[in-house]
1. Check off (1) farther than 17 Å from Pro652 by Cβ; (2) in contact (Cβ under 8 Å) with a residue 40 or more places away in the chain; (3) touching a strand residue (DSSP E or B) at 6+ places or on another chain (Cβ under 7 Å) for Ser903 and give me the number that stays unchecked.
2. In segment 707-731, what residues are of a type in the set (A, V, I, L, M), touching a Pro at 6+ places or on another chain (Cβ under 9 Å) and closer than 25 Å to His755 by Cβ?
3. Output the residues belonging to segment 362-396 that are in a loop (DSSP other than H, G, I, E, B) and of a type in the set (Gly, Ala, Ser).
4. Residue by residue through segment 844-864, note down the ones that are touching an Asp or Glu at 6+ places or on another chain (Cβ under 6 Å), part of a loop (DSSP other than H, G, I, E, B) and either loosely packed, with under 15 Cβ neighbours inside 10 Å or hydrophobic (A, V, I, L, M, F, W, C) (or both).
5. I'd like the full set of residues that are assigned to a helix (DSSP H, G or I), touching a residue at least 12 places away in the same chain (Cβ under 8 Å) and closer than 30 Å to Ser738 by Cα, limited to segment 813-843.
6. Give me a count of the residues in segment 767-815 that are basic (Lys, Arg) and touching a strand residue (DSSP E or B) at 6+ places or on another chain (Cβ under 8 Å).
7. Search segment 489-500 for residues being outside any strand (DSSP E or B) and hydrophobic (A, V, I, L, M, F, W, C), and hand back the single one that is surrounded by the most Cβ atoms within 10 Å (Cβ to Cβ).
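The values are calculated or read from the model by the stated rules, or taken from the named source; none is laboratory data. From a predicted model like this one, the values you see are computed outputs, not experimental measurements. Here the Cβ positions follow ideal geometry from the backbone for every residue, glycine too, while neighbour counts run over all protein chains shown.
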Amino acid sequence: MVNRLFRRLLPALVLCAAFAAPTQAQVVVSQVYGGGGNSGAPYSNDYVELFNRGSEAVSLSGLSVQYASATGTGNFGAGSAQIVVLPAATIEPGRYFLVGLAGGATGNPLPAADASGTINMSGTAGKVALVNSTTTLGCNGGSTPCTPEQVALIVDLVGFGNANFFEGAAAAPTLGNAIAALRADGGCSDSNDNGADFATAAPAPRNSATPPAPCGGGGIAYASISDTSAAEGDSGTTPFFFTISLNQPAGEGGVSVDWATADGSATVADSDYVAASGTATIAEGATSVTISVDVVGDTTTEPDETFLVDLSNAVGAEIADAQGVGTILNDDVVTVAISAIQGDGQLSPYNGLAVATTGIVTGRKNNGFFLQTADGEDDGNPATSEGIFVFTSSTPPEAATVGNRVLVQGTVDEYIPAADPHQLPLTEIVNASVAALSGGHPLPAPVALTADLPNASDGLEQLERYEGMRVVVPSATVVAPTGGNVNEAQATATSNGRFAVVVAGTARPFREPGIPVPNPDPLGSSATDIPRWDFNPELIAVNSTTIGAPAANVAAGCTIIDGTLVGPLDYTFRRYTIYPEGALSVDCSETGLPRASRLPTPDDATFATWNVERFFDTVNDPAIGEPVLTAAAYERRLAKASLAIRGYLHAPDVLGLTEVENLTVLQTLADRINADAVAAGDPDPGYSAHLVEGNDVGGIDVGFLVKGADVAAGTPRVEVLDVTQHGAAEVLTNPDGSTSLLNDRPPLSLDGVVHFADGRSHAFTAIVVHQRSLNDVDSDDNGSSGWLTLGQRVRAKRQAQADFLAELVSGMQADDPTRNLIVMGDFNAFQFNDGLVDALGTVTGLPSPDGETAVDGDGIDRVEPNLYNLTLLAEPAERYSFVFDYQAQSLDHVLVNDALVDSPLVAGIELSHARIAADFPEIARNEEDTPSRLSDHDPSVLLVRLAAVRFADLSVEVEALAATVAPGEAMQFSAVVANAGPDDAGYPGAGFVLDAELTDLAVAAPAGWSCDAPLVAGGTSTVSCGADALAANDEAVFALTATAPAALEGSQVTLTAAATAQTEDPDPENNDAGATVLVEDPHAGVPLLENGVPVGGLEGGSGAEAVYRIEVPAGAGNLRVLSYGGSGDVTLYVAHDRIPTATDFDGRSQRPGNNETIAIAAPAPGTWFVKLVGVRTFRNVSVRASFD
């Protein structure tokens, strides 16, 4: 009876674990119920039922019932609240034994328990073992595997829900507050497979007083008589029917039993009923017979009354239940219309009062039924509902058959579950008696819901007017897929039939900023402006199986058509909910699911993030108590993940994964993707895994898959430079001074470079994160370690994690402002302030003000520069990665920084989602060869588009307009930056450096270029110029001027120019050039004439020259230059600021002989040059210059 998976993993246990002891093997766990006392529970206590399915009596001496949670680390029977030692009682064959357990305030008491204990089981999932020991088993089959010796002590084992230890191939189904697990065939079925042997049903506890039901028949037949009730009627007689039944088919000769009526509070003398008696016969092979007693009708108002039917003298059977009770329900009462009970507001005017009402039964749940006024009898007021729910706590009586007109007497109650005191009330009738008045009535016509009612604006209570009534949605759009229960060990799921819709034409509802109405501010916060959101009143839940219709497994985007979504409208778990009366007609042709992310272009580098939801393997890790998968289940998960990553994420360059068990699992996935790609005829992506173990007690970590296949010889697609875990030792300090680890799953960074085959590359830093979940974030349960509430601690931890991450990314940017930063993963936070913690605002550098969140002292901007949340780039209808509580929402995000967005190498960024999970029904997890619902999160893919490869061949030419410049004169340079193409040069730049400090340096740039102010320091003068582009085959001409400093006379000044661009230059060798100017007075050797002072003794041959200069001040006049004396023939020239020539002069005297005169009445100030040239040989000639 042990888990067959366990047997496969540990073959040595097979021989010793099949039985505990021959006699004890007959006793099995036949029923398990853990919802006792919870909201909606039919019974006040949990229980475990045992059954002797053998042929011999069995003593329970030395045995115990032991409990362990579904996946936790606690062992079976680890404490007194986990074990019930059974008394030394004996169970006869076919008999039951009821073990009553812990309970609550809701529900009826159990039948008398045969043993009791304080085990408080989960209402949904857990493990129960019947053990041949009175002490703890010492294992739990999960985190603490059971040894062969421990397995041998297990008489029977039932794992239910997502339990990680069970018999056979699957656990028993998930349970609920009104759902128990019952072993098939009355407890007789035992195939050693919990999944096959157990089914869910309404709790039906049986104790030792229950008539025996031996397996396979045989033994003693026991006869019992049922109770019954009905209305008496106003006249004549009404038959009351009683069923006499056997626990097994009647044997040879049949069974007979005498019966007779007897007075109770109803008497024959008062003409309440007609006395009757007789002998009932159950034919051989049959199991029951029906008898009837006539009840006399009247119009007298009186209490309900009872009479008895007693059995005696059974032949062929023994009598187990000898007395049936007939309850005559008084129908002579003043009734109140259902619409009056409901009233026209949220609260009934009859709340807390006893009422009687009549109506047509329109639907039956497992704990009550819906009652509605018949057509034509309504009050005509659209504000009052004509329907109501009658709560019976367990299966409704037969009188409440759909289509019956019934009389209900009970107390009006405005039900608000204790677990959710802020929920709107549901008007219902409790503690009710039900009497059938007539049957076969048509159901009241349903009210059609439209896009106007319910709508997105008018509040949660707008459907109050239809509460309990039949409604129809002519066409409904599914906005949240059908949920279900996951068996992690098998990697399978079962449907729970629950999904959500809006009326066709209504936009899909999304999670919105703030906390939902009508929640109050959480305890422990002083915030004054926490935002609220309306909880999307336009959303309608659908529980497809509640009243007997088949489960509808639908994806978001499907349409419920043909008016088939019709049934009673309930209000539960804060949602108005429709219970369909029959199978739904569904059209899913327009969903487009599954849908891949956008196909990358050759210019894209791709970064993806995906929460793969508790990705464990087949190896048990005792330290974490994780579910251990079967080999088939692990294979299915690997195959689905590989298909998703290759076909729907398009094999991203870097994939940040969350919720992976360890590095071995991640590398196994990498190997599987690589092998599947090759098998499909695609290139091997060469994925490698990078993961560092974190602190998560459940064993889930974050990691990277990195594509490493070569794009060129020796060049991988992604070059990994560094992988670092951050903050593993950081702690959260509690108010009482104690500490706990802050980062359960510490952020993991990867520095790398994405390479392209054409030589381009993109350096990046990626950080994958998985922040603390939203579980208990709004809990007002008592806190610990100094925290006022559990929710206050959760909020503080979430904020502290966000602060840590914010400071991490801000520090990275400060250390390297050019770092291309990508922060991605499951932030467990929305792209807006949820009113409790603004985690994403904190991490992006845009925190909400302190008064707008429930965390006191937050709102600090810790990031500079801010990050961009790319979720906000998506179309509004695409801003989700997850569906929770029927709301589409984004928990997974990709953040980038300015350096990446503004990089000239980046031509664009885009966020895309692969729609392969969030919109799918849970049972899509079972589908082979599809990626659907491997996880409950959709992956997000960032596509970073690099600028295409372009070439611009720049060159530089530099020229000095004058090779020599006198001090104080202007040095002039020309620089030409040319682009020989073939493409435009992007963001070209020109840099100029002169090796002298020139304070008046000026640069004339061409149109479209701008230059910085010259930087004059350190013996140089520098100017930088730039433009957006320089077209192919175009050039930019720059003029640079500066005064030659006198201090540099005799020295050279060199201009060096260089050109750059962000477009690749195929020939950078010609990208710089230079030119030099000599600072020197070219006339420094020319003799100076003093004003009026002659220079004599000049002589020379024909063509000989003598050059002089005179400095003429401003304001001087009458410049006279003359030659005289001696012999020979000369010509005299003068010129301003230059040495004159025979063709370039400002004055000339060319008379025969040596006596020459030049007069300039208004000479320009400055240097005047005088040249004497011999026409023939001359001797002893004098020259004089003068001015006034």
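1. Every listed condition holds for Ser903 apart from (3).
2. Passing the criteria: only Ala709.
3. The initial filter retains those residues of segment 362-396 that are in a loop (DSSP other than H, G, I, E, B), namely 366-367, 373-386, 392-396.
Answer for segment 362-396, where residues must be in a loop (DSSP other than H, G, I, E, B) and of a type in the set (Gly, Ala, Ser): Ala374, Gly376, Gly380, Ala383, Ser385, Ser393, Ser394.
4. none
5. Ala839, Leu840, Thr842, Val843
6. Adding up the residues that qualify gives 1.
7. Ala489
Each row is one residue, and each column tells you yes or no for (1) in contact with a strand residue (DSSP E or B) (Cβ under 6 Å, 6 or more places away or on another chain); (2) part of a loop (DSSP other than H, G, I, E, B).
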site: Ala1059; (1), (2): yes, no
site: Pro1066; (1), (2): yes, yes
site: Ala1075; (1), (2): yes, no
site: His1083; (1), (2): no, yes
site: Val1093; (1), (2): no, yes
site: Leu1098; (1), (2): yes, no
site: Tyr1108; (1), (2): yes, no
